[in-house]
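Taking it in order: structure first as C-alpha coordinates, then the write-up.
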Amino acid sequence: MKAKVIISDIIRRQIIDYIRTLLEDIAEVISLSDWRSIGSLQIIRDADALIPLHERIDENLLSEARRLKIVARLGVGYDRIDVEACTKRRIYVTHTPNVLSNAVAELTFALMLCLSRRMIEADRYVRTEWAKAGRPTLPLREDLAGKTLGIIGLGRIGTEVARRAKAFKMRIVYYDKVRRKNVEEELGAEYLSIDELLSTSDFVSIHVPLTPETTLLIGEKELRRMKKTAYLINTSRGLVIDEKALCRALEEHWIAGAGLDVFSREPLPLDSPLVKMKNVVLTPHMGTHTVETRRLMASMVAEEIRRVLTGKAPLNLVPEQRGIRFN
Ligand code: NAD
(Lines give C-alpha, C1' and ligand atoms only; values in the text may rest on other atoms or scores of the structure.)
Protein backbone atom coordinates (compact mmCIF):
# COMPACT_ATOMS: atom_id res chain seq x y z
CA MET A 1 0.00 0.00 0.00
CA LYS A 2 1.24 3.50 -0.85
CA ALA A 3 2.05 5.93 1.95
CA LYS A 4 -0.37 8.84 2.53
CA VAL A 5 0.79 12.43 2.29
CA ILE A 6 -1.60 15.22 3.29
CA ILE A 7 -0.99 18.64 1.72
CA SER A 8 -2.60 21.98 2.55
CA ASP A 9 -5.19 22.89 -0.06
CA ILE A 10 -4.25 26.57 0.33
CA ILE A 11 -1.15 25.72 -1.74
CA ARG A 12 -1.58 26.48 -5.45
CA ARG A 13 -2.95 23.63 -7.55
CA GLN A 14 0.11 23.55 -9.86
CA ILE A 15 2.46 23.09 -6.88
CA ILE A 16 0.29 20.36 -5.36
CA ASP A 17 0.25 18.57 -8.74
CA TYR A 18 4.04 18.95 -9.03
CA ILE A 19 4.60 17.39 -5.57
CA ARG A 20 2.11 14.64 -6.48
CA THR A 21 4.14 13.83 -9.61
CA LEU A 22 7.41 13.83 -7.67
CA LEU A 23 6.06 11.35 -5.11
CA GLU A 24 3.67 9.29 -7.23
CA ASP A 25 5.75 6.09 -7.12
CA ILE A 26 5.69 5.92 -3.32
CA ALA A 27 2.79 7.98 -2.01
CA GLU A 28 -0.75 9.12 -2.53
CA VAL A 29 -0.90 12.92 -2.09
CA ILE A 30 -4.24 14.19 -0.76
CA SER A 31 -5.02 17.91 -0.55
CA LEU A 32 -7.08 18.82 2.48
CA SER A 33 -8.82 21.95 3.75
CA ASP A 34 -9.55 22.92 7.37
CA TRP A 35 -7.24 20.50 9.17
CA ARG A 36 -9.18 21.08 12.43
CA SER A 37 -12.50 19.62 11.20
CA ILE A 38 -13.51 16.15 12.35
CA GLY A 39 -13.61 14.89 8.75
CA SER A 40 -10.07 16.13 8.06
CA LEU A 41 -8.72 14.75 11.34
CA GLN A 42 -10.06 11.34 10.35
CA ILE A 43 -8.04 11.47 7.13
CA ILE A 44 -4.96 12.79 8.99
CA ARG A 45 -5.16 9.72 11.24
CA ASP A 46 -3.73 7.61 8.37
CA ALA A 47 -1.14 10.14 7.21
CA ASP A 48 2.57 9.29 7.02
CA ALA A 49 3.55 12.86 6.11
CA LEU A 50 2.02 16.33 6.33
CA ILE A 51 2.81 19.34 4.15
CA PRO A 52 1.35 22.35 5.97
CA LEU A 53 1.37 25.94 4.75
CA HIS A 54 -0.31 28.03 7.46
CA GLU A 55 -1.99 25.17 9.37
CA ARG A 56 -1.23 24.86 13.06
CA ILE A 57 0.43 21.56 14.00
CA ASP A 58 -0.20 21.14 17.72
CA GLU A 59 -0.83 18.46 20.36
CA ASN A 60 -4.46 18.27 19.38
CA LEU A 61 -3.71 17.39 15.75
CA LEU A 62 -0.69 15.21 16.56
CA SER A 63 -2.68 13.08 19.00
CA GLU A 64 -4.84 12.05 16.00
CA ALA A 65 -1.95 11.53 13.58
CA ARG A 66 -0.72 8.23 14.90
CA ARG A 67 1.23 7.09 11.80
CA LEU A 68 2.92 10.43 11.17
CA LYS A 69 6.67 10.37 10.47
CA ILE A 70 7.36 13.85 9.08
CA VAL A 71 5.92 17.33 8.98
CA ALA A 72 7.54 18.92 5.92
CA ARG A 73 6.67 22.61 5.97
CA LEU A 74 6.52 24.42 2.64
CA GLY A 75 8.34 27.51 3.89
CA VAL A 76 11.12 28.44 6.29
CA GLY A 77 9.20 29.85 9.29
CA TYR A 78 7.81 27.12 11.52
CA ASP A 79 6.20 29.16 14.29
CA ARG A 80 2.88 27.33 13.83
CA ILE A 81 4.45 23.91 14.41
CA ASP A 82 4.88 22.60 17.96
CA VAL A 83 8.36 21.15 17.39
CA GLU A 84 8.68 19.88 20.96
CA ALA A 85 5.45 17.89 20.65
CA CYS A 86 6.66 16.45 17.30
CA THR A 87 10.05 15.49 18.79
CA LYS A 88 8.33 13.74 21.71
CA ARG A 89 6.42 11.64 19.18
CA ARG A 90 9.54 10.97 17.06
CA ILE A 91 8.16 12.98 14.14
CA TYR A 92 10.64 14.88 11.97
CA VAL A 93 10.03 18.57 11.24
CA THR A 94 11.68 19.94 8.09
CA HIS A 95 11.49 23.31 6.36
CA THR A 96 12.79 24.93 3.15
CA PRO A 97 15.58 27.39 4.04
CA ASN A 98 17.85 29.21 1.51
CA VAL A 99 15.88 28.46 -1.69
CA LEU A 100 13.40 31.22 -0.89
CA SER A 101 15.78 33.90 0.37
CA ASN A 102 16.18 35.63 -3.03
CA ALA A 103 12.42 35.87 -3.54
CA VAL A 104 11.80 37.41 -0.09
CA ALA A 105 14.75 39.79 -0.47
CA GLU A 106 13.40 40.90 -3.86
CA LEU A 107 9.96 41.56 -2.35
CA THR A 108 11.61 43.56 0.44
CA PHE A 109 13.23 45.79 -2.18
CA ALA A 110 9.99 46.03 -4.15
CA LEU A 111 8.30 47.37 -0.99
CA MET A 112 11.15 49.80 -0.34
CA LEU A 113 11.03 51.13 -3.90
CA CYS A 114 7.23 51.37 -3.85
CA LEU A 115 7.52 53.55 -0.75
CA SER A 116 10.48 55.68 -1.79
CA ARG A 117 9.14 56.38 -5.32
CA ARG A 118 5.40 56.05 -4.49
CA MET A 119 4.90 53.57 -7.32
CA ILE A 120 1.27 52.76 -6.47
CA GLU A 121 0.30 56.44 -6.47
CA ALA A 122 2.32 57.07 -9.63
CA ASP A 123 0.57 54.25 -11.49
CA ARG A 124 -2.84 55.61 -10.46
CA TYR A 125 -1.76 59.10 -11.52
CA VAL A 126 -0.86 57.98 -15.05
CA ARG A 127 -4.22 56.22 -15.41
CA THR A 128 -6.29 59.18 -14.18
CA GLU A 129 -4.46 62.51 -14.01
CA TRP A 130 -1.29 62.85 -16.08
CA ALA A 131 -2.92 63.51 -19.46
CA LYS A 132 -5.19 66.14 -17.90
CA ALA A 133 -2.36 67.89 -16.08
CA GLY A 134 -0.23 68.02 -19.23
CA ARG A 135 3.01 67.86 -17.23
CA PRO A 136 4.16 65.84 -14.21
CA THR A 137 2.71 67.31 -11.03
CA LEU A 138 3.64 64.59 -8.54
CA PRO A 139 6.06 65.79 -5.87
CA LEU A 140 9.73 64.75 -6.02
CA ARG A 141 10.50 61.50 -4.15
CA GLU A 142 13.56 59.95 -2.53
CA ASP A 143 16.72 58.05 -3.57
CA LEU A 144 17.69 54.77 -1.92
CA ALA A 145 21.36 55.47 -2.71
CA GLY A 146 23.08 57.07 0.26
CA LYS A 147 20.30 56.09 2.70
CA THR A 148 20.80 53.83 5.74
CA LEU A 149 19.10 50.45 5.79
CA GLY A 150 18.72 48.87 9.24
CA ILE A 151 18.27 45.11 9.09
CA ILE A 152 16.84 43.41 12.17
CA GLY A 153 17.82 39.72 11.87
CA LEU A 154 20.80 39.24 9.57
CA GLY A 155 20.19 35.56 8.79
CA ARG A 156 19.67 33.97 5.37
CA ILE A 157 17.05 36.45 4.10
CA GLY A 158 18.52 39.45 5.94
CA THR A 159 21.89 38.77 4.28
CA GLU A 160 20.30 38.61 0.81
CA VAL A 161 18.62 41.95 1.56
CA ALA A 162 22.02 43.36 2.60
CA ARG A 163 23.60 42.13 -0.67
CA ARG A 164 20.95 44.01 -2.65
CA ALA A 165 21.35 47.09 -0.44
CA LYS A 166 25.05 47.18 -1.27
CA ALA A 167 24.22 47.16 -5.01
CA PHE A 168 21.80 50.04 -4.34
CA LYS A 169 24.68 51.97 -2.68
CA MET A 170 23.01 52.07 0.73
CA ARG A 171 24.75 52.11 4.10
CA ILE A 172 23.95 48.84 5.88
CA VAL A 173 23.53 48.56 9.65
CA TYR A 174 22.13 45.53 11.46
CA TYR A 175 21.01 44.12 14.76
CA ASP A 176 20.93 40.39 15.48
CA LYS A 177 21.32 38.29 18.58
CA VAL A 178 24.36 36.80 16.82
CA ARG A 179 27.19 38.98 15.48
CA ARG A 180 27.71 38.21 11.74
CA LYS A 181 31.39 39.04 11.19
CA ASN A 182 31.41 37.36 7.74
CA VAL A 183 28.66 39.69 6.47
CA GLU A 184 30.37 42.67 8.09
CA GLU A 185 33.48 41.81 6.07
CA GLU A 186 31.68 40.92 2.83
CA LEU A 187 29.30 43.88 2.72
CA GLY A 188 30.60 46.42 5.21
CA ALA A 189 27.52 45.97 7.41
CA GLU A 190 27.86 47.70 10.80
CA TYR A 191 26.58 46.07 13.99
CA LEU A 192 24.41 48.34 16.17
CA SER A 193 22.17 47.92 19.20
CA ILE A 194 18.49 47.78 18.27
CA ASP A 195 17.98 51.29 19.71
CA GLU A 196 20.86 52.76 17.69
CA LEU A 197 19.60 51.01 14.56
CA LEU A 198 16.08 52.38 14.99
CA SER A 199 17.20 55.95 15.56
CA THR A 200 19.67 56.09 12.64
CA SER A 201 17.98 54.09 9.83
CA ASP A 202 16.02 55.54 6.92
CA PHE A 203 14.55 52.10 6.24
CA VAL A 204 14.15 49.42 8.92
CA SER A 205 13.57 45.91 7.57
CA ILE A 206 12.62 42.99 9.81
CA HIS A 207 13.87 39.45 9.14
CA VAL A 208 13.74 37.64 12.48
CA PRO A 209 11.68 34.46 12.97
CA LEU A 210 8.57 34.66 15.17
CA THR A 211 9.56 33.30 18.60
CA PRO A 212 8.51 34.22 22.15
CA GLU A 213 11.53 36.59 22.20
CA THR A 214 10.61 38.38 18.96
CA THR A 215 6.85 38.59 19.53
CA LEU A 216 6.00 42.34 19.69
CA LEU A 217 9.70 43.20 19.35
CA ILE A 218 8.63 46.46 17.69
CA GLY A 219 6.14 48.35 19.83
CA GLU A 220 5.36 51.99 20.65
CA LYS A 221 8.75 52.65 22.29
CA GLU A 222 10.64 51.31 19.26
CA LEU A 223 8.44 53.12 16.72
CA ARG A 224 8.90 56.40 18.57
CA ARG A 225 12.64 55.89 18.36
CA MET A 226 12.54 55.81 14.54
CA LYS A 227 13.09 58.92 12.42
CA LYS A 228 9.93 60.73 11.31
CA THR A 229 11.16 60.31 7.74
CA ALA A 230 11.85 56.56 8.08
CA TYR A 231 9.98 53.59 6.62
CA LEU A 232 9.35 50.23 8.30
CA ILE A 233 9.33 47.08 6.15
CA ASN A 234 8.06 43.76 7.48
CA THR A 235 8.30 40.53 5.49
CA SER A 236 8.90 38.30 8.54
CA ARG A 237 5.80 37.72 10.67
CA GLY A 238 2.99 40.13 11.59
CA LEU A 239 3.20 39.46 15.32
CA VAL A 240 6.79 40.74 15.50
CA ILE A 241 5.19 44.22 15.38
CA ASP A 242 2.54 45.60 17.72
CA GLU A 243 0.12 46.37 14.88
CA LYS A 244 -2.05 48.73 16.96
CA ALA A 245 1.01 50.82 17.86
CA LEU A 246 2.08 50.75 14.19
CA CYS A 247 -1.33 52.07 13.10
CA ARG A 248 -0.97 54.97 15.55
CA ALA A 249 2.58 55.62 14.36
CA LEU A 250 1.35 55.81 10.76
CA GLU A 251 -1.75 57.89 11.53
CA GLU A 252 0.12 60.34 13.74
CA HIS A 253 3.20 60.40 11.46
CA TRP A 254 5.78 59.22 13.99
CA ILE A 255 7.23 57.46 10.91
CA ALA A 256 6.82 58.16 7.18
CA GLY A 257 5.33 54.86 6.09
CA ALA A 258 5.40 51.08 6.07
CA GLY A 259 5.66 48.22 3.60
CA LEU A 260 3.95 45.13 4.96
CA ASP A 261 3.70 41.60 3.59
CA VAL A 262 2.63 40.02 6.89
CA PHE A 263 0.02 40.92 9.48
CA SER A 264 -1.13 39.96 12.95
CA ARG A 265 -4.27 38.45 11.34
CA GLU A 266 -4.20 36.96 7.83
CA PRO A 267 -5.93 37.53 5.52
CA LEU A 268 -5.81 41.16 6.67
CA PRO A 269 -9.44 42.06 7.60
CA LEU A 270 -10.94 44.68 5.27
CA ASP A 271 -11.84 46.82 8.28
CA SER A 272 -8.20 47.04 9.42
CA PRO A 273 -7.16 50.72 9.68
CA LEU A 274 -4.14 49.83 7.49
CA VAL A 275 -6.42 49.31 4.49
CA LYS A 276 -7.34 53.02 4.32
CA MET A 277 -3.88 54.45 4.90
CA LYS A 278 -2.04 56.15 2.06
CA ASN A 279 1.46 55.84 3.56
CA VAL A 280 1.50 52.03 3.50
CA VAL A 281 2.06 49.43 0.79
CA LEU A 282 0.39 46.10 1.51
CA THR A 283 1.03 42.68 -0.06
CA PRO A 284 -0.75 39.40 0.78
CA HIS A 285 2.04 37.35 2.45
CA MET A 286 3.59 36.67 -0.94
CA GLY A 287 7.32 36.68 -0.15
CA THR A 288 7.90 33.32 -1.85
CA HIS A 289 5.22 33.57 -4.55
CA THR A 290 7.34 33.15 -7.64
CA VAL A 291 7.22 30.20 -10.02
CA GLU A 292 10.93 29.40 -9.59
CA THR A 293 10.99 29.62 -5.81
CA ARG A 294 7.77 27.69 -5.25
CA ARG A 295 9.05 24.87 -7.49
CA LEU A 296 12.35 24.72 -5.58
CA MET A 297 10.45 24.65 -2.27
CA ALA A 298 8.14 21.91 -3.59
CA SER A 299 11.11 19.77 -4.77
CA MET A 300 12.73 20.15 -1.36
CA VAL A 301 9.57 19.12 0.48
CA ALA A 302 9.09 16.08 -1.80
CA GLU A 303 12.73 15.07 -1.34
CA GLU A 304 12.48 15.24 2.47
CA ILE A 305 9.34 13.08 2.44
CA ARG A 306 10.91 10.58 0.03
CA ARG A 307 13.98 10.28 2.25
CA VAL A 308 11.98 9.65 5.42
CA LEU A 309 9.56 7.21 3.76
CA THR A 310 12.52 5.23 2.38
CA GLY A 311 14.38 5.05 5.70
CA LYS A 312 16.85 7.92 5.21
CA ALA A 313 17.39 10.94 7.48
CA PRO A 314 15.92 14.22 6.20
CA LEU A 315 18.31 16.98 5.13
CA ASN A 316 16.70 20.19 6.38
CA LEU A 317 15.54 19.59 9.91
CA VAL A 318 14.51 22.66 11.91
CA PRO A 319 17.34 23.76 14.25
CA GLU A 320 15.71 22.22 17.36
CA GLN A 321 15.94 18.75 15.75
CA ARG A 322 19.37 19.03 14.11
CA GLY A 323 21.40 15.85 14.61
CA ILE A 324 18.38 13.81 15.74
CA ARG A 325 17.64 10.47 14.01
CA PHE A 326 14.25 8.75 14.41
CA ASN A 327 14.21 6.13 11.61
P1 NAD B 1 17.26 32.76 9.62
O2 NAD B 1 17.10 31.84 10.78
O3 NAD B 1 18.33 32.47 8.61
O4 NAD B 1 17.49 34.27 10.12
C5 NAD B 1 16.86 34.82 11.24
C6 NAD B 1 17.87 35.73 11.95
O7 NAD B 1 17.20 36.32 13.06
C8 NAD B 1 19.08 34.95 12.52
O9 NAD B 1 20.27 35.60 12.14
C10 NAD B 1 18.86 34.98 14.03
O11 NAD B 1 20.07 35.00 14.77
C12 NAD B 1 18.08 36.28 14.18
N13 NAD B 1 17.29 36.29 15.42
C14 NAD B 1 16.51 35.33 15.94
N15 NAD B 1 15.97 35.73 17.09
C16 NAD B 1 16.40 36.99 17.32
C17 NAD B 1 16.20 37.93 18.35
N18 NAD B 1 15.42 37.66 19.41
N19 NAD B 1 16.83 39.13 18.26
C20 NAD B 1 17.65 39.40 17.21
N21 NAD B 1 17.87 38.55 16.20
C22 NAD B 1 17.27 37.36 16.25
O23 NAD B 1 15.83 32.80 8.93
P24 NAD B 1 15.49 33.27 7.43
O25 NAD B 1 15.56 32.10 6.53
O26 NAD B 1 16.28 34.48 7.11
O27 NAD B 1 13.93 33.65 7.61
C28 NAD B 1 13.54 34.67 8.51
C29 NAD B 1 12.03 34.72 8.67
O30 NAD B 1 11.43 35.26 7.49
C31 NAD B 1 11.34 33.37 8.79
O32 NAD B 1 11.41 32.84 10.11
C33 NAD B 1 9.91 33.68 8.40
O34 NAD B 1 9.15 34.04 9.52
C35 NAD B 1 10.06 34.89 7.47
N36 NAD B 1 9.67 34.57 6.08
C37 NAD B 1 8.63 35.24 5.52
C38 NAD B 1 8.26 34.97 4.22
C39 NAD B 1 7.16 35.72 3.54
O40 NAD B 1 6.51 35.17 2.66
N41 NAD B 1 6.90 36.96 3.87
C42 NAD B 1 8.91 33.97 3.49
C43 NAD B 1 9.97 33.31 4.09
C44 NAD B 1 10.35 33.62 5.40
Q | 25 °C / 0.890 mPa s Stokes-Einstein diffusion coefficient of region 1-155, Kirkwood radius on C-alpha pairs, µm²/s | A | 128
Q: Would you mind working out the magnitude of the charge dipole of region 49-168 relative to its Cα centre, with +1 at each Lys and Arg C-beta and -1 at each Asp and Glu C-beta, to the nearest 20 Debye?
A: 260
Q) Could you name the lysines in cross-link range of Lys227, using Cα to Cα under 17 Å and dropping any fewer than eight places away on the same chain? A) Lys147
Q. Per residue, how much accessible area does region 122-280 have with a 1.4 Å probe, in Å²?
A. 54
Q | Fluctuation leader among Phe168, Phe109, Phe263 - the chain, Gaussian network, Cα springs under 10 angstrom | A | Phe168
Q) Toward the positive end of the charge dipole of the chain, about the Cα centre and with charges on Cβ (Lys, Arg +1; Asp, Glu -1), which of Val291, Val262, Gly219 goes farthest? A) Val291
Q) Under the Karplus relation 6.51 cos²θ - 1.76 cosθ + 1.60, θ = phi - 60°, what is the ordered set of whole-Hz ³J(HN,Hα) values for region 256-272, x standing for Gly and Pro? A) 7, x, 8, x, 10, 9, 9, 9, 5, 10, 10, x, 4, x, 5, 8, 5
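Is the shape of region 220-317 best called rounded, prolate or oblate, per the rule: a/c under 1.5 gives rounded, else a/b larger than b/c gives prolate, else oblate, with a ≥ b ≥ c the square roots of the Cα gyration tensor eigenvalues?
In terms of gyration-tensor shape, prolate.
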Q. To the nearest 10 degrees, how steeply does helix 119-128 sit against the main Cα axis of the chain, on a 0 to 90 scale?
A. 70
Q) What is the magnitude of the charge dipole of region 170-254 about its Cα centre, with +1 placed on the Cβ of each Lys and Arg, -1 on the Cβ of each Asp and Glu, and no other charges, expressed in debye to the nearest 20? A) 80
**Q.** Choice from Val99, Val301, Val291 with maximal GNM fluctuation in the chain (Cα, 10 Å cutoff)
**A.** Val291
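Counting only heavy atoms of the protein chains, get the accessible area per residue of region 74-118 (1.4 Å probe) and round it to a whole Å² value.
Details: 1670 Å² over 45 residues.
Per-residue value: 37 Å².
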Q | Local electrostatic count at Glu304 - Lys and Arg +1, Asp and Glu -1, tallied over other residues with Cβ under 13 Å | A | +3
Q. How far, in degrees from 0 to 90, does helix 291-309 lean away from the longest principal axis of the Cα atoms of the chain, to the nearest 10?
A. 30
Q) Using a Gaussian network for the chain with springs between C-alpha atoms less than 10 Å apart, which of these wobbles most: His253, His285, His54? A) His253
Q) If one takes the longest principal axis of the Cα atoms in the chain, at what angle in degrees, from 0 to 90 and to the nearest 10, does the Cα axis of helix 101-116 lie? A) 30
Q: Taking each pair of different alpha-carbon atoms in the chain once, compute 1/r for the pair, average those values, and report the inverse of that mean as the Kirkwood hydrodynamic radius in Å to one decimal.
A: 21.3
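Please calculate how many Å² of accessible area region 1-60 carries per residue, with a 1.4 Å probe and no DNA, RNA or ligand atoms counted.
51
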Q. How many percent of the accessible area of the chain is carbon or sulfur, using a 1.4 Å probe?
A. 53
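The values are calculated or read from the model by the stated rules, or taken from the named source; none is laboratory data. Keep in mind that what you see is a predicted model, and the values were worked out from it rather than measured. Reconstructed Cβ throughout: ideal geometry from the backbone, glycine too, with neighbour counts over all protein chains shown. SASA here: full protein model, heavy atoms, side chains in, ligands and nucleic acids out. Shrake-Rupley method; radii C 1.70, N 1.55, O 1.52, S 1.80 Å.
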